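The values are calculated or read from the model by the stated rules, or taken from the named source; none is laboratory data. As the structure is a prediction and not an experimental result, all values here were calculated from the model. So basically every Cβ, Gly included, is an ideal-geometry build from the backbone, and we count neighbours across all protein chains shown. The accessibility values were calculated without ligands, DNA or RNA, using every heavy atom of the protein model including side chains. Shrake-Rupley method; radii C 1.70, N 1.55, O 1.52, S 1.80 Å.
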Amino acid sequence: SALDLARKHRPDLILMDINLGSGMDGIEAAKQILKTHDLPLIFLSSHTEPEVVQKMEDITSYGYIVKDSGEVALVASIKMAFKLHESNRRLSDTFMYSINGLCIHKMLYDEKGIPFDCEYLKVNKSYEVHTGLTSHVVIGQSIRDIYPNGEADEVINLYIDVLATGVPVKKEIYFTPTQRWFELSIFPTKKDEFTVAIQN
């Protein structure tokens, strides 16, 4: 019912309980809704168990309100959720429409915990123009999936160093597979993730 309501009414904001009766719980319902709807979602529940809170942290939500917190706390949380959502939307627009090619990567590790490759999480339109690689080709793939014969070792090692030190780097490189010079600006953003700004 929650999924149907979201599709039908396209709300400005959702307050989601954890217990929704039989069927999926509120956490799973939130995941499904957020796959197709870009809106602020706040969990409103009486659950404070660590395992429940941990599951909620894996979802892009805009807060958690304990039931019976009072109207003042509820209204303040809703206002903050709208502000955060608008801020995220502006950041997303800046990312997508930047004249610089932008790519968000996630570092991949082997069974011994040694970094060896990077997954493409998100790229913008300018990245496609600068590199000739479309988002449909790269998202969900790793650099070694795209360049399996060691052609990308130099950039992967550079990314490993940046993530290990936490120090942003700007460097010009000649990338043999594309036969192009690139200026890369690499900076870590959060654990295991980093952003690369690229110019051809």
- Residue among Thr189, Thr176, Thr165 that is surrounded by fewer than 14 Cβ atoms within 10 Å (Cβ to Cβ), among the β-branched types (Val, Ile, Thr) and at pLDDT 90 or above: Thr165
- Exactly one of His105, His136 is under 17 Å from the mean Cα position of the chain (by Cα), loosely packed, with under 11 Cβ neighbours inside 10 Å and either outside any helix (DSSP H, G or I) or at pLDDT 90 or above (or both), and that residue is His136
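Residues checked against (1) surrounded by 16 or more Cβ atoms within 10 Å (Cβ to Cβ); (2) free of Cβ contacts under 8 Å to residues at least 40 places away in the same chain; (3) under 23 Å from Leu5 (Cβ atoms):
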| residue | (1), (2), (3) |
| --- | --- |
| Lys31 | no, yes, yes |
| Asp38 | no, no, yes |
| Asp68 | no, yes, no |
| Val75 | no, yes, yes |
| Leu84 | no, no, yes |
| Arg89 | no, no, yes |
| Ile99 | no, yes, no |
- Task: For residues that are within 15 Å of His105 (Cα to Cα) and touching a strand residue (DSSP E or B) at 6+ places or on another chain (Cβ under 9 Å), scanning just the stretch 148-162, find the one that is most open to solvent (accessible area, probe 1.4 Å).
- Result: Asp161
- Inside the stretch 18-37, can you point out the residues that are within 16 Å of Asp58 (Cα to Cα) and outside any helix (DSSP H, G or I)? Ile18, Asp25
- Message: I'd like the full set of residues that are touching a Gly at 6+ places or on another chain (Cβ under 8 Å) and among the hydrophobic types (A, V, I, L, M, F, W, C), limited to the stretch 101-147.
- Response: Val123, Val129
- Lys122 meets each of (1) open to solvent by 50 Å² or more (accessible area, probe 1.4 Å); (2) part of a loop (DSSP other than H, G, I, E, B) with one exception, condition (2)
- Note on the structure: Selection from the stretch 4-27 of residues farther than 14 Å from His47 by Cα, without any contact (Cβ under 8 Å) to a residue 24 or more places away in the chain and surrounded by 14 or more Cβ atoms within 10 Å (Cβ to Cβ) yields Met24
- Item | Positions within the stretch 79-102 being in contact with a Leu (Cβ under 8 Å, 6 or more places away or on another chain) and at pLDDT 90 or above, in sequence order | none
